[in-house]
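Beneath this line is the structure, given in structure tokens, with notes to follow.
The values are calculated or read from the model by the stated rules, or taken from the named source; none is laboratory data. Note that the structure is predicted; figures quoted are calculated from it, not measured. No Cβ is skipped: glycine too gets one built from the backbone with ideal geometry, and neighbour counts run over all protein chains shown. What goes into the accessible areas is simple: the full protein's heavy atoms, side chains included, and nothing from ligands, DNA or RNA. Shrake-Rupley method; radii C 1.70, N 1.55, O 1.52, S 1.80 Å.
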Amino acid sequence: MKAPPFRLPLLATAFLAALAMPLGASLEKLLPEQLHNANGDTVSRDSLEGKIIGVYFSARWCPSCRSFTPSLVKFRDANKADFEVVFVSSDRDAQTQDKYMTSYKMQWPAVKYGSPAARNLKKHFKVGTIPTLVILGPDGRPLTTDGRGAVSRNPGGAIAAWKKSSQ
């Protein structure tokens, strides 16, 4: 009698399939089509095309966030041709998110406050603490979860390093 063919248990098969899928997959799967800015204007996800993206998980109530945000604003403004930030708020309400964005001059789009997309991004990137800056290549593939460290330690070389690792 022939031995039955070897089969991986279902859980192992699912695990191996998950490993084969890129974490970032694509921007279309990660980010909603419509984002917004602090003025309430709609910003299309298409405006991010071809750029390195920093998904910024932050909140106004967080002292470390308030400390890092001015550096990120300066970094983004100096590199806006190649780099854009997408804000995912952990504030207590949409008005506080908008006030935070306005008072710190965040001229970048945000995911709608409290939306399923915001919750999914936090879950997808396993964000446990803020501030967290996840850097994505133009294709949506994660390059690093320590964007904050790169912006803080190497603001002059971070973009070039991220471009190199996204190729």
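Which of the following values of semi-axes √(5λ) of the Cα gyration tensor in Å was calculated from the structure shown: (i) 27, 20, 15; (ii) 33, 19, 15; (iii) 25, 17, 16? The listed entry that was calculated here is (ii). Between the C-alpha center of the stretch 105-167 and that of the stretch 42-75 there is a gap of 8 Å. Karplus-derived 3J(HN,Hα) values for the stretch 29-41, using 6.51 cos²θ - 1.76 cosθ + 1.60 with θ = phi - 60°, are 7, 8, 10, x, 5, 10, 10, 8, 9, 5, 7, x, 6 Hz; glycine and proline are entered as x. Database remark: amide H of T144 closer than 5 angstrom to the amide H of I135 (H placed geometrically; neighbours at sequence offset of 5 or more, or on other chains; Pro and chain starts carry no H). Straight-distance candidates among the aspartates and glutamates for linking to K164, with alpha-carbon spacing under 20 Å and chain neighbours fewer than 8 residues away dropped: E49, D82, E84, D139, D146. When chymotrypsin sites (Phe, Trp or Tyr not before Pro) are flagged only if DSSP places them in a loop and at most 13 other Cβ atoms lie within 10 Å, the longest unflagged stretch of the chain comes out as 62-167. Counting charges near N79 (Lys, Arg +1; Asp, Glu -1) among other residues having Cβ under 14 Å from its Cβ returns a value of +2. As a fraction of the 1.4 Å probe accessible area of the chain, surface on carbon and sulfur atoms comes out at 56 percent.
Using only side-chain charges placed at the Cβ, +1 for Lys and Arg and -1 for Asp and Glu, the dipole size of the stretch 32-167 relative to its Cα centre rounds to 460 debye.
Scalar couplings 3J(HN,Hα) for the stretch 72-85, obtained by applying the Karplus form with A = 6.51, B = -1.76, C = 1.60 to θ = phi - 60°, are 5, 4, 4, 4, 4, 4, 6, 10, 5, 5, 10, 9, 9, 9 Hz; x denotes Gly and Pro. Bridgeable lysines around K105 (alpha carbons under 19 Å apart, same-chain partners fewer than 8 residues away excluded): K74, K80.
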